[in-house]
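The values are calculated or read from the model by the stated rules, or taken from the named source; none is laboratory data. All values reported here derive from a predicted model rather than from experimental measurement. Neighbour counts run over all protein chains shown; Cβ positions are idealised from the backbone, glycine included. Ligands, DNA and RNA are stripped out before the accessible areas are found, and what is left, the full protein with its side chains, is counted by its heavy atoms. Shrake-Rupley method; radii C 1.70, N 1.55, O 1.52, S 1.80 Å.
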Amino acid sequence: MKQKVTDRIRRNMPPAPAVATRTLAYASRHRAPPPPPKLLAAAVAVGARPRKRSPGRFAAAPLALVGRPSSSSSRLFAGSSLLSQMEVTSCHLVWEYCSIQFVLIVITAACCASLFNDDIHCCACGGPLLTEIQKRYWTGRGINSNKGLVEQLQNYGIMRSKKVAEVMDKLDRGLFVPEGTPAYVDSPMPIGYNATISAPHMHATCLELLENNLQPGMHALDIGSGTGYLTACFAMMVGPQGCAVGVEHIPELVADSVKNVQRSAAAPFLKEGALSLHVGDGRLGWPEHAPYDAIHVGAAAPEIPKALVDQLKPGGRMVIPVGNIFQDLKVVDKNSDGSISVHDETSVRYVPLTSRDAQLKGF
Ligand code: SAH
């Protein structure tokens, strides 16, 4: 190779950059005398850097410069008679492979992020996606108390209602998550059985959307009640004269949710019957306490279940995530004449509203 370069210089042709760089590296390694100026210039042109501490020695060119087909260095390569077409092609292939890998890594990272967060607020709720994610990430930082979490949600304008803040302040989220789970981070957390407890900002959002339908004495239904946290919030809002019903299809989660509520500020409602937690298929609702002023669905349905619309009171409101990969949080209002108005509130990511078997098998 060294011979080829020397021949080229002798013929007054600039050496091919890659070969020049490689020759330099070789010369550097073997403490050879300083190479001719043309060789140096060609190598420096493709990124070989003189080593400060060892004059005459060079660090090789960055790989990106060697392989990138669209870069000027690559065009030089392509025109060089010293670099075979095969080498050029393989450089291009390596570059293309790396680019595809990079794109795949970015897509996978985005998918993982969205799967971990059961809700992706973006344009729909006002701010750009990044700002919202940053907000939520920031919201979870360094918070180690329920009070701190509620204050952060308020400070960032995610929670505006005083009533909702009061209820979320009284109900310690730490009592509802499995041991060892960071309870006050604004993120959904796994609770077992392929289910999650929703992120605090999502609980706050749903409570605010339903606030007018969670007045004292009203009836509220929570489908996919999981940990029982939101059902307990409903009970605190509708009070002892009201009725808060949770329906969850994993019996073990229902048993755990009963224990969670018993430890919490909502325990008296469970004891006195204003709050009840049931094992059942939530797609069928819970006719026993229908019609409901408020229905919340904590899992994404492929479409709005008719049984739930039927169990909504005229003037009632249902908040339900709908969709598969792309989901919208829909707000369904039943008008006084029984007709339905629906609007999308925001883009979200929830676990599916499905059969117990499908969920236990991982959907
Ligand atoms: N809102 C709850 C849990 C949300 S995760 C909380 O924040 O704690 C969604 C829950 O819906 C899971 O617990 C899951 O088991 C339940 N689920 C899914 N499909 C269901 C169905 N068909 N009937 C009842 N519950 C269901």
Original post:
If you take every DSSP beta bridge whose two residues both sit in the range 208-363, what share of them, in percent to the nearest 5, is antiparallel?
Top reply: 45
**OP:** Could you pull the accessible area for Ser276 with a 1.4 Å probe, rounded to 10 Å²?
**Re:** 30
Subject >> Taking only Cα atoms of the range 267-363, radius of gyration then Dmax in Å >> reply: 14.4, 42
**OP:** Of the listed pairs Lys259/Lys361; Lys271/Lys313; Lys170/Lys334; Lys163/Lys334, which have alpha-carbon separations greater than 29 Å here?
**Re:** Lys170/Lys334
Original post:
Roughly how much of Met218 is accessible, in Å² to the nearest 10, using a 1.4 Å probe?
Top reply: 50
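Using heavy-atom solvent-accessible surface (probe 1.4 Å) with all chains present, what is the largest-first order of Leu175, Leu275?
Leu175, Leu275
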Original post:
For the range 266-342, what % of the accessible area comes from carbon and sulfur atoms, probe 1.4 Å?
Top reply: 56
**OP:** On each of the three principal axes of the Cα atoms of the range 163-302, give max minus min coordinate, whole Å, ordered largest first.
**Re:** 37, 31, 30
**OP:** Order His296, His289, most accessible first, counting only protein heavy atoms with a 1.4 angstrom probe.
**Re:** His289, His296
**OP:** Report the residues of the range 340-363 in range of a label on Leu284: point 7 Å along Cα→C-beta, backbone N strictly under 18 Å from it.
**Re:** 353-359
Original post:
Going from most exposed to least, what order do Ile325, Ile250 have by accessible area with a 1.4 Å probe?
Top reply: Ile325, Ile250
Original post:
Pulled fully out, how much extra length does the chain show between Asn144 and Gln215, if you take 0.36 nm times their separation in residues and subtract their Cα-Cα distance?
Top reply: 22.5 nm
Subject >> Förster radius 35 Å - calculated FRET efficiency between Leu360 and Asn335 (Cβ-Cβ, nearest 0.05) >> reply: 0.35
